[in-house]
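*Asks:* The structure follows.
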Amino acid sequence: MTNVLSLIEDDAAVIERLHSLNLKTYWDVLLHIPIRYEDCTTISSISESLPETKVVVQGIIQQVHQIKYKTKQLQVVINDGTSNLVLIFFHFYPNYVTQYKIGKTIRVYGEIKLDFHGNKSIIHPKALSESKPLPQTLTPIYSSVTGLTQKKIMSLVDQALNYLLQVDLIPDTYVPDLPRLSEAITLLHKMQAKFNSSTIINKAIARLKLEELLAQQFILYNKYLEKVSRTSTILKPKATLTRKLLDGLPYKLTKSQTQVLAEIYADIAKPTQMIRLLQGDVGSGKTIVATLAMLVAVENNFQACIIAPTEILAEQHYLKTKNLLINLNLNVVWLAGSLNSKERSAAYSSIASGAANIIIGTHAVFQKNVEFNNLALVVIDEQHRFGVEQRLQLQLKGINPHQLMMSATPIPRTLAMSYFSNLDISTINELPIGRVPIKTLLVNNNRRHEVINFIDSHCTSGGQAYWVCPLIEESEKLNLENVQNVYEEMCLKLPRIKVALIHGKIKAAEKSKIMDDFRDQQIKLLIATTVIEVGVDVPNASVMIIEHSERMGLSQLHQLRGRVGRGNIQSQCVLLYQSPVSEIAQKRLKVIYENSDGFAIADNDLLLRGPGEILGYKQSGLPNLKFANLEQDLDLLKKAKELVKIIATEQSSIPQLHINLWHHNQDKYLSV
Ligand code: ADP
Ligand code: MG
């Protein structure tokens with residue numbers, strides 16, 4: 001049986017073209033809203049038609065000329081009894097001359113122009129059939145691709161409109177102030193001339209947006225219900241290990257750290273699963289908060305783990321945590337892809353037996369042969385760097401450990417309200433005291449030698465620095481060549497300084513040796529690709545040079561800059577750029593130059609890039625918003641959020657039907 005979600009049937013070539021427009025079902029066609037309209041419902045008189053307006057006129061051909069200026073053109077003069085009008089064709093086929101015969105009546109559509117002599121003309125008019133009755137509705141113009149005519153799309157729309165009654169799922173009482181969905185869709189495809197006003201169109205569009213946001217919010221509400229129904233381990237702080245760690249710290253927690261820790265403690269003491277995002281700017285001290293949370297699990301005789309997106313970062317966590325917990329007599333286990341098979345099976349067995357208290361690693365921790373004894377808390381560092389897949393995998397492992405995700409890329413408020421509304425958020429909104437703000441400098445690459453001289457004096461007087469080259473996504477080969485060249489350049493120009501090179505292709509063991517030597521100040525200058533973007537914490541390194549900063553995204557620049565400014569010495573970040581700099585890159589550089597606060601940068605990022613790219617849902621196949629715009633449609637978003645709770649309680653079958661309709665071809669949704 002066909003319904004609105006049936007696949008469109010047509011010949012293969014048409015289907016292929018439709019797919020390139022993302023049109024697969026009749027439902028998709030219904031939502032393929034015209035980009036504009038042409039009014040061909042009435043014939044205007046030539047004498048009364050105003051210049052710059054688009055009209056249909058009908059008249060008898062008086063003259064036909066082929067004129068040769070620079071190129072050939074065809075001029076056809078018609079008269080409708082009120083006045084003359086010249087139709088001008090710059091491109092025409094020989095058959096036009098036979099088609100436009102003197103004495104014939106023709107009907108055309110186009111924009112009236114006036115020439116210097118006050119003569120009215122239309123350039124390249126659209127020919128309409130003069131024998132057919134005029135259309136009752138405005139002629140919709142759809143976005144299309146070559147080979148797919150407007151006529152074809154219109155006929156598909158007409159077919160799709162047969163299923164229209166199936167789309168009204170939300171009872172009218174819930175949305176009294178907007179047209180129903182079926183009415184809105186009809187109105188937009190079959191626009192009556194008298195309705196062609198922006199208020200009426202806007203109301204129809206608002207209905208589409210609201211429906212779309214409802215679908216999104218229903219999904220999130222389901223996630224929320226799922227979450228509150230998942231039980232997890234009750235972890236109550238015993239203040240044994242945590243106390244001991246706090247007493248041994250060389251610093252006091254900031255107010256903000258104490259606050260978020262309290263939120264986390266309250267959450268994991270409940271029998272339901274915690275899914276919490278801990279956001280805090282780079283350097284705000286998220287790690288210690290996570291460590292304290294893990295210790296609560298261990299105090300209760302459960303296991304905890306922390307995973308990081310790169311091996312460098314995971315290893316740094318491992319070394320630091322081991323060091324931090326040295327007096328606590330705990331078994332901290334390292335698990336990463338680079339372990340040899342003997343080390344790996346030793347790690348596996350201590351994880352399985354429960355001998356391992358805290359497990360630290362990369363996504364290797366997700367592998368199916370990793371069996372935990374009693375995992376109660378998972379910390380995911382730099383969570384935005386993990387794919388949605390990997391986050392889902394954790395859910396699918398069959399256990400419901402509490403989850404604490406950490407990110408230095410704050411989620412802008414509107415996104416938090418929409419995509420992430422099933423997520424609890426804790427925010428560290430201050431940096432530890434005593435931090436000296438990082439100085440940011442924008443330097444044209446033609447002053448590179450000055451930067452190199454600066455590095456020379458900085459590194460010969462005890463300082464350390466990073467020199468980062470951007471990832472050239474198109475080509476891994478170019479990428480390596482690029483950092484390799486910079487490395488060679490620095491070795492040559494800075495003979496007094498120990499320089500090292502680190503990038504993704506270097507073996508893990510070698511990488512960790514380089515990072516160790518850098519931490520121990522053996523290496524003074526580290527040339528790197530963006531592998532060091534996240535989380536690396538070497539307080540003595542106080543200078544960051546970013547090559548081709550004009551090519552990098554805002555959050556990446558912010559992350560990179562956050563690698564310095566970790567100690568209490570003045571740090572510098574030099575953004576090298578190469579002219580010409582595109583307009584958007586100039587805007588980015590201005591934002592990063594003027595702002596040090598990650599939240600302000602994230603908001604600007606949202607404005608410059610739009611939410612799609614920030615969430616990365618385009619790549620992960622997650623539902624995109626086609627109509628609504630989170631920035632502009634905040635009121636509709638609020639309304640959708642309110643309605644979702646009411647509808648789900650009063651008419652519990654509607655949410656799933658609605659989701660099925662709006663996201664019929666999606667099987668996974670953004671779930672963090
Ligand atoms: P991030 O939030 O970027 O992950 P880290 O957790 O790596 O930051 O912390 C950055 C540095 O700040 C670390 O060297 C850490 O030891 C230190 N730190 C954390 N909390 C405090 C605090 N309350 N006072 C002083 N230093 C702190
Ligand atoms: Mg960190």
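*Asks:* Let's test this: bin the Cα-Cα distances of region 96-161 at 10 Å from zero up to the farthest pair and state each bin's percent.
*Replies:* Result, from short to long distances: 15, 35, 34, 15, 2 percent.
*Asks:* May I ask for the longest run of the chain untouched by GluC sites (Glu not before Pro) that are loop-located per DSSP and have at most 10 neighbouring C-beta atoms (other than their own) within 10 Å?
*Replies:* 53-472
*Asks:* Measuring from centroid to centroid over Cα atoms, what is the spacing of region 45-102 and region 337-354 in Å?
*Replies:* Cα centres, region 45-102 to region 337-354: 83 Å.
*Asks:* Give, to the nearest whole percent, the P(r) tail of region 1-154 beyond 26 angstrom, counting all Cα pairs.
*Replies:* 42 percent
*Asks:* Something else about it: For the chain, take the longest principal axis of its alpha carbons; what is the angle in degrees between that and the long axis of helix 198-229, to the nearest 10 within 0 to 90?
*Replies:* Once rounded, the angle reads 30 degrees.
*Asks:* Another one. Can you tell me the length gained on complete extension of the stretch Gln62 to Ala416, counting 0.36 nm per residue apart and subtracting the Cα distance?
*Replies:* 120.8 nm
*Asks:* With axes computed from alpha carbons, what is the tilt in degrees of helix 150-160 against the longest principal axis of the chain, rounded to the nearest 10 within 0 to 90?
*Replies:* 70 degrees
*Asks:* Also, I was wondering about something else. So what's the net charge close to Ser229: Lys and Arg +1, Asp and Glu -1, counting the other residues with Cβ under 15 Å from its Cβ?
*Replies:* That sum, taken over residues with Cβ under 15 Å, equals +3.
*Asks:* Could I ask something else about it? Give the dimensionless ratio obtained when the Cα radius of gyration of region 1-92 is divided by 2.2 N^0.38 Å.
*Replies:* Normalised by 2.2 N^0.38 Å, the Cα Rg of region 1-92 equals 1.73.
*Asks:* Suppose each label sits 7 Å from its Cα in the direction of the beta carbon; what would the Ala346-Ser579 distance come out to in nanometres?
*Replies:* 5.9 nm
*Asks:* For helix 311-324, report the angle its Cα long axis makes with the longest principal axis of the Cα atoms of the chain; keep it between 0 and 90° and round to the nearest 10°.
*Replies:* Its long axis makes an angle of about 40 degrees.
*Asks:* Next up: Could you list the chymotrypsin sites (Phe, Trp or Tyr not before Pro) in region 103-170 that lie in coil according to DSSP, counting only those with at most 12 other Cβ atoms within 10 Å of their Cβ?
*Replies:* Phe116
*Asks:* Follow-up. Could I have the simple spin-label model distance between Asp635 and Ser47, label points 7 Å from Cα toward Cβ, reported in nm to one decimal?
*Replies:* Going from the Asp635 label point to the Ser47 one covers 4.7 nm.
*Asks:* Report, largest value first, the span of the C-alpha coordinates of the chain along each principal axis, in whole Å.
*Replies:* Sorted from largest, the Cα extents of the chain read 102, 67, 44 Å.
*Asks:* Which pairs, out of Lys209/Lys590; Lys252/Lys511; Lys227/Lys587; Lys320/Lys498; Lys322/Lys513; Lys322/Lys493, put more than 29 Å between their alpha-carbon atoms?
*Replies:* Lys209/Lys590; Lys252/Lys511; Lys227/Lys587; Lys322/Lys493
*Asks:* Which of the trypsin sites (Lys or Arg not before Pro) across region 4-105 are loop residues per DSSP, with 16 or fewer other Cβ within 10 Å?
*Replies:* Here the trypsin sites (Lys or Arg not before Pro) that fit, given the DSSP loop and packing criteria, are Lys70, Lys101, Lys104.
*Asks:* Oh, and also: What FRET efficiency do you get for Asn540 and Thr258 if R0 is 35 Å and r is their Cβ-Cβ distance, rounded to the nearest 0.05?
*Replies:* My answer for the efficiency is 0.80.
*Asks:* Give me the percent of DSSP beta bridges within the chain that run antiparallel, rounded to the nearest 5.
*Replies:* For the chain, the DSSP antiparallel bridge percentage is about 40.
*Asks:* Still on this model: Nearest 0.05, what FRET efficiency do Cys491 and Asn373 give at R0 = 60 Å with Cβ-Cβ as r?
*Replies:* E(calc), rounded to 0.05, equals 0.75.
*Asks:* To the nearest 0.05, how large is the calculated FRET efficiency for Asp168 and Ser198 if R₀ is 22 Å and r is the Cβ-Cβ distance?
*Replies:* With a Förster radius of 22 Å, E is 0.35.
*Asks:* Another question, then. Return, for the Cα atoms of region 174-302, the radius of gyration and Dmax in Å, separated by a comma.
*Replies:* Values for region 174-302 (Cα only, Rg and Dmax): 25.1, 77 Å.
*Asks:* Ok, one more. With only alpha-carbon atoms in the gyration tensor, what are the semi-axes of the equivalent ellipsoid for region 91-222, in Å, largest first?
*Replies:* 41, 17, 14
*Asks:* Name the trypsin sites (Lys or Arg not before Pro) in region 276-382 that are in a loop by DSSP and that have at most 16 other C-beta atoms within 10 Å, would you?
*Replies:* Answer in residue order: Lys368.
*Asks:* Right, another one. Residue separation times 0.36 nm, minus the C-alpha to C-alpha distance between Ala600 and Lys505: what's the value?
*Replies:* 30.8 nm
*Asks:* I've got another one for you. Hey, rough spin-label estimate for Thr272 and Lys587, points 7 angstrom out along Cα→Cβ, what's it come to in nanometres?
*Replies:* 4.0 nm
*Asks:* Below 8 Å between Cα atoms, with a sequence gap of 6+, how large is the relative contact order for the chain in percent?
*Replies:* 13 percent
*Asks:* Dividing the Cα convex hull volume of region 195-255 by residue count, how many Å³ per residue is that?
*Replies:* Residue-normalised Cα hull volume stands at 158 Å³.
*Asks:* To continue, here is another question. Between Ser653 and Ser338, what is 0.36 nm times their sequence separation minus the Cα-Cα distance? Round to one decimal in nm.
*Replies:* 108.4 nm
*Asks:* Of all the Cα-Cα pairs you can form in region 222-270, what percent are over 18 Å apart?
*Replies:* 47 percent
Only the coordinates and a few stated rules stand behind these numbers; no lab work does. Quick caveat, the model's predicted, so the values are computed rather than measured. No Cβ is skipped: glycine too gets one built from the backbone with ideal geometry, and neighbour counts run over all protein chains shown.
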